[in-house]
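Heads up: the structure comes next, in structure tokens.
No value in this document is a laboratory result; all are computed from the given coordinates. Source: prediction; values computed, not measured. Neighbour counts run over all protein chains shown; Cβ positions are idealised from the backbone, glycine included.
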Amino acid sequence: MTDASPPIDLTTTSFLELLGEHLPSVDLSAPFSIGREGTIPVHIEGRVALAPMAGVSVQAFRRQGRRFGASVVFTEMVSISGLHYANERTRDYLRIATDEHPIAVQLFGTDPALMREAAQQVKDAGADMIDINMGCPVKKVSKTGAGCALLDDPDTAVAVARACAEATDLPVTVKIRRGMKNGSHDFAILGQRLVEEAGVSALTLHPRSAAQMYTGFADHALTAKLVELVDVPVFASGDITDRVRAEAVMALTGCAGVMIGRAAQGNPWAVRDLTTGKAVEPDPEERVAELVRFVREVVREMGDHRATGFLRKFYGWYLRGDAFGKAARRELMVMESPAEVEAHLLEQWPGALPQLAELEATVRYPDDTDRVIELPVSAYGGG
Ligand SMILES: Cc1cc2nc3c(=O)[nH]c(=O)nc-3n(C[C@H](O)[C@H](O)[C@H](O)COP(=O)(O)O)c2cc1C
């Protein structure tokens, strides 16, 4: 495909015209591997990945994503300086549960020496892959030269990725945007250099510019271009919200896998739709049961105090639709503890109790046999 290729825009239905008469013949459940010579290859059972999202992709979210069918999950980005100065305020626990694998821990930073050190810590934590963030447009990150700023500084980007690849035998992957500025094609040369010079084993492209943040659309014609240019698996990220779009972007770009981000926030059923094609809207009771279970896992993961603030945004995401209403959502957001939220929800929706009991009986909580290591978790939002 050339630069003149028509845009592939999943935010409208224009992509359907590009598909023409033929339904795409792609298999979202086909297994594949990530890893090149010298790395321990990671076997992945299907083509749907759960995106790294700061302030969202905690362990409870990732485990739920796996339960609803995601084949591989990514943590939110973790600062390599935070890891180095692990006594700082950001210190926290990053846990990898036995049922999360395969999992990539995402790192961000610019110092190759710190990256080497961080990569080793991630390996010790039991991760399967290390992902590097080269797309985050949030000022707090880019002003340090990390995240999207690396799109404008390819030599540093390659040096950081190479240091990471050389540090351990885990496959290293990198997540990029199209470039800093609107219309940029910097992803093309950088993507090739990351693969050829740094030894990266897979790439994810979110084909918006950093300037775009989340506006407009992700032009997956660029994903098709990157797929042509590199001989490692490429994940497509951006605006993939349902099965039709997932299949279309696979068929139109030749990407190895798709990544679901915002559509999965408070909506694990979207992950199930992508992976199985079963687009069943959950009834309100199921939403409530799944939310209560999520609340319980988050409380175990980060404690009552942090969970209270962290969970607030999830209430609106889970309880969408007329069955709940704006006032009910607002009411939950001002409650002072997750326990209060849980009691209130179950009082309002007693029909959720049997489904919740079923979840409690069948879905395990992470326990002491799971890996628990001390790592600081990123405090930044946006990517
Ligand atoms: C709240 C939020 C946090 C994000 N944090 C990260 C991050 O830590 N690392 C990253 O590579 N991308 C991050 N992203 C970008 C997503 O991984 C994804 O590329 C982007 O949202 C486009 O996909 P979507 O349309 O499926 O949401 C974040 C996105 C959102 C909405």
Checklist entry - Share of antiparallel DSSP beta bridges in the chain, in percent to the nearest 5? => result 20 percent
Item to check | Over the chain, relative contact order from alpha-carbon pairs under 8 Å, at least 6 apart, % | outcome: 21 percent
Next on the checklist: For the ranges 229-242, 211-224, what's the packing order if you count other beta-carbon atoms within 10 Å of each residue, average per peptide, and put the highest first?
Outcome noted: 229-242, 211-224
Checklist entry - Computed on alpha carbon atoms, what radius of gyration and Dmax characterise segment 284-362, expressed in Å? => result 11.7, 33
Item to check | Two-decimal Rg/Rh across segment 204-268, once Rg and the Kirkwood Rh are taken from alpha-carbon atoms | outcome: 0.96
Checklist entry - Based on the Cα atoms of the chain, what semi-axes does the equivalent ellipsoid have, where each is the square root of 5 times one gyration tensor eigenvalue, given in whole Å with the largest first? => result 32, 26, 19
Checklist entry - How big is D for segment 17-171, in µm² s⁻¹ as a whole number, if Stokes-Einstein is applied with the Kirkwood radius of its Cα pairs at 37 °C and 0.692 mPa s? => result 198 µm²/s
Checklist entry - Which of the lysines could be linked to LYS326 by a straight reach, that is with a Cα gap under 29 Å, when you skip same-chain ones fewer than 8 residues away? => result LYS278, LYS313
Checklist entry - Measuring from a point 7 Å past the Cα of ALA361 along Cα-to-C-beta, which residues in segment 289-303 have an amide N at less than 18 Å? => result 289-290, 293
Checklist entry - Which of the lysines could a cross-linker bridge to LYS181, judged by Cα under 25 Å and excluding same-chain residues fewer than eight apart? => result LYS139, LYS140, LYS143, LYS225
